[in-house]
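> Starting off with a structure, shown below.
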Amino acid sequence: MVVVYNIYIFDRHCECIFYSEWNRLNSPLSAAAAATVEGVHGNKEFQRGNQVLTGDNLASPRSSFDQQAPLVWPTTVTSTAHRIASESPRNVSMEEEAKLVYGVVFSTRNIINKLSSKDSPQGGNPGGFMSLATNTYRLHYYEAPTGVKFVLNTDTATTSMQQVLEMIYRNIYVEYVVKNPLFRIDPTKSIPIENDFFRAVLNNYIREISSPLSAA
């Protein structure tokens, strides 16, 4: 069974509008949330589902899969958290990590497009970039016709997640974000996805197809 580590969703402005994790050790998100609760008691910078994280109910798990609902980022109130705890044990904030991930995906996709002689001035993914692998994880990429980009990280044994990513886009993102009358897409700026139904359905789907990461 596949082990899913995390997911990033980027909009047409190249901004990360949603991030969540299930099987990730030493996460900068968990570290920042813990430090925020310690530094700003009672502040609602981070959420786990509908639960407000306070000093009493925020644990520091080695694997975020152990939580009923994983931490999500960004939210419209995360700025204080990142001012207080902007760095993880690897000295990379969530904002910087998202930029690095997008940079890797953007560069790899463009190289593949050029090598395949299918580069398009309008962007897109005509070269068919789907994934890349390292010795510790495999990155899966899906670009929707609307320009929204999904990046999913799994264990190295998982070969393809294109059907999963397309399902997330068509049956979860479109249904619970695009068709949500309360979510207004602003063509001039990025808006984080803070739809609780989207979070819950995505979380349940990932749990259905995933197995938890065994602690070392």
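The values are calculated or read from the model by the stated rules, or taken from the named source; none is laboratory data. Computed from a prediction, not measured in an experiment: that's the story for all the values here. A quick note on method: Cβ atoms are made from the backbone with ideal geometry, for glycine too, and the neighbour counts reach across all protein chains shown. Remember, those area values only see protein heavy atoms, side chains included, never the ligands or the DNA or RNA. Shrake-Rupley method; radii C 1.70, N 1.55, O 1.52, S 1.80 Å.
> Multiply the residue gap between THR134 and PHE106 by 0.36 nm, knock off their C-alpha separation, and tell me the result in nm, one decimal place.
Contour length minus the Cα-Cα distance gives 8.4 nm.
> If ligands, DNA and RNA are left out, what is the accessible area of MET130 with a 1.4 Å probe, given in Å² to the nearest 10?
100 Å²
> With +1 on each Lys and Arg Cβ and -1 on each Asp and Glu Cβ, how big is the dipole of the range 168-213 about its Cα centre, in debye rounded to the nearest 20?
100 debye
> Stretch ALA157-VAL92 to full length: gain in nm at 0.36 nm per residue minus the Cα-Cα span?
20.8 nm
> Shifting gears a bit: So what is the relative contact order for the range 137-216, in percent, with contacts set as C-alpha pairs under 8 Å and at least six apart?
21 percent
> Sticking with this one: How many percent of all Cα-Cα pairs in the range 105-206 sit more than 16 Å apart?
The calculated P(r) of the range 105-206 puts 64 percent of pairs beyond 16 Å.
> Also, quick follow-up: Compute the Rg/Rh shape ratio of the range 165-216: radius of gyration over Kirkwood radius, all on alpha-carbon atoms.
Answer for the range 165-216: 1.09.
> Now for a different question. What distance in nm separates the two pseudo spin-label positions at SER116 and ARG12, each 7 Å out from Cα along the beta-carbon direction?
2.2 nm
> At LYS99 and ASN180, where each label point lies 7 Å from the Cα along Cα→Cβ, what is the point-to-point distance in nanometres?
2.7 nm
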